[in-house]
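Read the structure below first, then the notes.
The values are calculated or read from the model by the stated rules, or taken from the named source; none is laboratory data. Treat the numbers as computed from the prediction; the structure is a model and nothing was measured. FYI the Cβ positions are ideal-geometry reconstructions off the backbone, even for glycines, and counts take in every protein chain you see.
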Amino acid sequence: MNKKMENEIPPFISGVFTLPSYDKMAPTMLGGFCKVCNRYYFPKPVYCRTCLEQVELTSVGSEGSIYSYTVIRTKPPLGLPQPYAVGYIDLEESRLRIFCLLDPTAIDQLQVGLPVSLRVGPLGHDGTGASCLRPYFSPRRRN
Ligand SMILES: [Zn+2]
C-alpha cells in the first residue's frame, strides 16, 4: 500500500498513538505524565492515581523490548491476520510495560528480550469492516 493511501485510513482509536508521519518522525505511543509525581501512565488517565493532579498527554515511547508474548492461532477478531501475536513491551522512554499487538509478519522472530520498535499501519478493520490503522511492535531494524 502506498503512503498516500495509508494516510487516508483513520486510526482505530484516537489519542493513543501518533499517526505515520509525513516528516519521517517515528510514531509513538501516547500516555499520561504527572509533573508532580514524575510518573507516566498508559493509557492516559484524567487524574493521577497518587496525587489527583491532572495528567498531561505525552509520548511514552516507541522503542522497547519484549517482556512476554503469545501467538494466537484461533479465529482472530476485527479482521486481524491469522495467526497474530500480542505481548507486553517494556518501553525505554517511560519505563512502562504496555500490552500491544506485535508484527504479524514477524511471528517467527519473536522472543523474550527482543528489541522492538513501534510501527503504525493498516491492520484489521474497525468493527464495521472499514480499514483502520493500528499500532504494533516489530523487531528493531538494524542500521
Ligand atoms: Zn501525581
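See the values below:
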{"item": "Unmet requirement for Q111, which otherwise passes all of (1) part of a loop (DSSP other than H, G, I, E, B); (2) over 15 Å from P135 (Cβ atoms); (3) within 16 Å of the ligand (Cβ to nearest atom)", "result": "(3)"}
{"item": "Residue check, Y47 more than 18 Å from R140 (Cβ to Cβ) and within 16 Å of the ligand (Cβ to nearest atom)", "result": "yes"}
{"item": "Within segment 103-131, considering residues that are modelled with pLDDT of 95 or more and of a type in the set (D, E), the one surrounded by the fewest Cβ atoms within 10 Å (Cβ to Cβ)", "result": "D108"}
{"item": "Flag for T74 being loosely packed, with under 12 Cβ neighbours inside 10 Å and over 21 Å from L101 (Cα atoms)", "result": "no"}
{"item": "Total residues in segment 37-71, condition in a strand (DSSP E or B), surrounded by 14 or more Cβ atoms within 10 Å (Cβ to Cβ) and polar (S, T, N, Q)", "result": "3"}
{"item": "Candidate set: segment 21-36, residues that are farther than 18 Å from R97 by Cβ and touching a residue at least 12 places away in the same chain (Cβ under 8 Å); chosen: the one farthest from the ligand (Cβ to nearest atom)", "result": "Y22"}
